[in-house]
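Structure first, commentary second.
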Amino acid sequence: MSIDYAAELNQEQLAVVQKGDGPTLVLAGAGSGKTRTIIYRVAWLLEQGVKPGEILLVTFTNKAAREMTTRLEGLLAQHPGNLWSGTFHSIANRLLRRYAGRLGYDLNYTILDQDDSKSLIKLCVKEAKVNSKGKRFPSPQNLQSILSYSRNAALSIRQAIETRHPNFSDHIFDIERIGVLYEQKKFSSNAMDFDDLLLNMHKLLVEHPDVEDMFALMFRYILVDEYQDTNILQANIVARLSKVHRNILVVGDDAQSIYSFRAADIQNILQFPSMFEHAQTFRLETNYRSTPEILALANESIAYNTDQFEKELRPFHRAGSKPQSAPHRSPRQEAGFIADHIAAKLHSDGEATEIAVLFRAAYQSQSLEFELMKRRIPYDYRGGLRFFERAHIKDAIAFQRLMENPKDIASWLRVLGMQVGVGPVTAQKIISVVQERKPDEWMADEIFGFLPKKAGEGWKQTREMLKTILEATSLSGQIRAVLSTSYVEYMEHQYTNSADRIMDLEQLALFAEQYTDRSAFLEDVTLSDEFGSTMDKRQSSCEPRIILTTIHQAKGLEWDTVFVMSLSDGSFPSRKSLESEADIQEERRLFYVAVTRARKHLFLTYATTGIGDAYQSFLPSMFLQELSPGLVEELSPRPENRSLAGRATSRYDRYDQGDFASQEPMIVLDEIEARPRTSSGYLGTY
């Protein structure tokens, strides 16, 4: 079947498809049709007589691999035969199933998933007889993260800890021992984890030149998608496989390199022209996604980065509306603004699935999630769990549940489960005692004399946590008090992102400032589950939902209307990134990715007060301050005492006005159903 390439591709794409021999770098800007270019390049090669088995097409996700295969089948009107197409890991597995014996494995080796890997690491910790008393030892999840990062970034365990997990520096020796044990156990059980697939493929090529030569000769053409996301190991693998024919075509956008935390190395794409002699560079700069106004903003912003290839996105579409910047006095007001605009768009027949709200970090979504819940606007959450579903949020709420209902078994199990030495059986014994006693008797040592020493220490720590929390006089103060207990040490031990989780708890405390009634707080937190869902835990309803997502999860996606929220100083870019120019440039690339998700409408919002102190002032993000005034339409903040005409008053409205003490009756859920809908949502809130 003959394809009219000139008719179906623009001149930029056509040049890549027909002239992409030899070492070739394709700088594909956002929305420029890179996937289309890649599959047409494969089709062109097949038309020129290249056999499918002589082409290696590497992508980063199974979804992308399936999409490319499907689109290629549609273009060719037939299956592309024995084309080597897939993710780096699937290609490595395909090769190792033939040659793993060279490395001492049986060919029926097992691939460990994340849970399998953590279970094996737990066993290694036990066998290493690590002393985890005193300062908590890293959890299996943290150990897995350290070991994985060190291998993918080609760093020693010591270097990985110093770079990514300095809080575990005291445990370097023990972690190194566990790393050795972990490798030994995997090998003795004829098993590989995901990282091993790449490491062993690379090892096979390095230690067995005949295998490397055979595959380098076989693969006449190698195409790599999303090259800016490759790590050192992946870049070295494709370089070795292309050493004979030198037909390596890599497609990517350095302006969208945002995964350094996964060991992705932007230098792979930046240094490609110098690594491959006589390399040619093509640019795909025609953007088929966004309006000229959105692209003008994106182009000017990314131009502030110095370590990059110069490029400029050019619009295919006609002019639209300017991006809008909207400052607000508080995160709650910012959430109200976003919810107002979403409700208005939905009321005017806008499609929910064409609206997305993007944020830098998961903790920034809480105010908006509750605002959407108030208005009964369904949403899907990408990039993790919804705010009130997160483990550490449930932990903090469990303390409040116990203060409200000391007989709550589920909350006791959750709180006691944090302690070293307190297992399910011991926890049940403790619960049976506390349920028969008054709270002021819990602090007495003698009633728990039956506990083993370790469990006794765990219970003592639980009592100290409860005592610290009870000393705070307000609900929000009690939630913040959790951060002055040993719970922070527990989070650092348990999770890879403890700093983000601390910010989550600060956000929960700020949210709780509007409550003087603990039972109302707990009731609202519980009811929050009704209106949102995570992408892997959908409710049975098929009702269309707007999207809430972290920017990292949004990469590669697009919507008609995009809100980028929490664009205030210290939030985006993150405070930590200000320590390094390289980190600031990655944050700017993250901002670039966010704004280029929008097709027609872009809103950039921020609050002038921050988490932890409702009266602390913040400037807009440096990324907003860098923009020329004419690029953005700046909206005025709402008046300090905006009218509530036409709306029923609730504690949420009072919170926005600063009246935290008033205790007017709540509007109940049943009343909302009978109210008429307006462009701003339901007339009343609860």
Solvent-accessible area, 1.4 Å probe, carbon plus sulfur percent, for the chain: 50
Around residue 261, under 10 Å between beta carbons, what's the net of Lys plus Arg minus Asp minus Glu among the other residues? +1
For residue 600, the lysines lying under 18 Å Cα to Cα, once residues fewer than eight places off in the same chain are dropped, come out as 322, 345, 555
The range 301-323 to the range 548-569: how many Å between their Cα centroids? 17
Residues with amide H under 5 Å of residue 545's amide H, sequence separation 5 or more or different chain, H placed in the peptide plane at 1.01 Å from N; which? 353
Answer rounded, prolate or oblate for the range 262-348, using the Cα gyration tensor with square roots of eigenvalues a ≥ b ≥ c: rounded when a/c is under 1.5, else prolate when a/b is larger than b/c, else oblate. prolate
Under the 0.36 nm per residue contour assumption, what length would be gained going from the current alpha-carbon distance of residue 210 and residue 159 to full extension? 15.0 nm
What fraction of the DSSP beta bridges in the chain is antiparallel, stated in percent and rounded to the nearest 5? 10
Could you go through the range 161-173 in sequence order and give the Karplus-derived ³J(HN,Hα) for each residue, using 6.51 cos²θ - 1.76 cosθ + 1.60 with θ = phi - 60°, rounded to whole Hz, and x for Gly and Pro? 5, 5, 7, 10, 9, x, 5, 9, 4, 5, 10, 4, 4
With each label point set 7 Å from Cα along the Cα-Cβ vector, what nm distance links residue 50 and residue 344? 5.1
C-alpha center-to-center spacing [the range 405-437, the range 450-474] in angstrom: 11
Under a cut-off of 17 Å between alpha-carbon atoms, report the lysines in cross-link reach of residue 19, not counting same-chain residues fewer than 8 places apart. 34
Could you list, in their original order, any pairs among 122/438; 63/186; 126/438; 186/394; 122/454 whose Cα atoms are separated by more than 31 Å? 122/438; 126/438; 186/394
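Report the calculated FRET efficiency for residue 107 and residue 183 (r = Cβ-Cβ distance, R0 = 25 Å), to the nearest 0.05. Could the numbers behind the result be given before it?
Numbers: r = 20 Å, r/R0 = 0.79.
Plugging the Cβ-Cβ distance into 1/(1 + (r/R0)^6) gives 0.80.
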Relative contact order, percent, of the chain when contacts are C-alpha pairs under 8 Å separated by at least 6 residues? 17
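The values are calculated or read from the model by the stated rules, or taken from the named source; none is laboratory data. In this text, all values refer to a predicted model and were calculated from it rather than measured experimentally. A quick note on method: Cβ atoms are made from the backbone with ideal geometry, for glycine too, and the neighbour counts reach across all protein chains shown. For the accessible areas, the whole protein counts, side chains as well, though only heavy atoms, and no ligand, DNA or RNA atoms are used. Shrake-Rupley method; radii C 1.70, N 1.55, O 1.52, S 1.80 Å.
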